[in-house]
Amino acid sequence: MIIPQFINSFFSPRKIHQDVKSSRKGYKGKLFAAKKGEWMDAELKEKDNKLSITVSAGFMSKTVEWFKE
């Protein structure tokens, strides 16, 4: 599975993801939200050198994209 290595290449050695599994649209798992101090459901999509992460909480969601050089 490439997603966990892709995430870790951006962040410190702390583990910020867990239970990442393949789904129809990419990957689903949990990411640690440091500001909230809790694990949140997330959808991860990888295309070329771009990683898109969408985290949902109730009816709100936020998508963040990273590009790897």
For the range 21-69, just say rounded, prolate or oblate: build the C-alpha gyration tensor, square-root its eigenvalues into a ≥ b ≥ c, call rounded for a/c under 1.5, and beyond that prolate if a/b exceeds b/c, oblate if not. prolate
From the phi of every residue in the range 63-69, what ³J(HN,Hα) in whole Hz does the Karplus formula 6.51 cos²θ - 1.76 cosθ + 1.60 yield, where θ is phi - 60° and glycine or proline is x? 10, 10, 10, 10, 10, 9, 8
Between Arg24 and Asp48, what FRET efficiency comes out of the Förster formula 1/(1 + (r/R0)^6) with R0 = 30 Å and r the beta carbon distance, rounded to 0.05? 0.95
Where Lys and Arg each count +1 and Asp and Glu each count -1, what net charge lies around Ser52 among other residues with Cβ under 10 Å from its Cβ? 0
Which lysines, if any, have their Cα less than 17 Å from the Cα of Lys45, not counting same-chain residues under 8 positions apart? Lys21, Lys25, Lys28, Lys30, Lys62, Lys68
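Only the coordinates and a few stated rules stand behind these numbers; no lab work does. Quantities reported herein were computed from a predicted structural model and do not represent experimental measurements. Note that each Cβ is placed from the backbone with ideal geometry, even for glycine, and that neighbours are counted across all protein chains shown.
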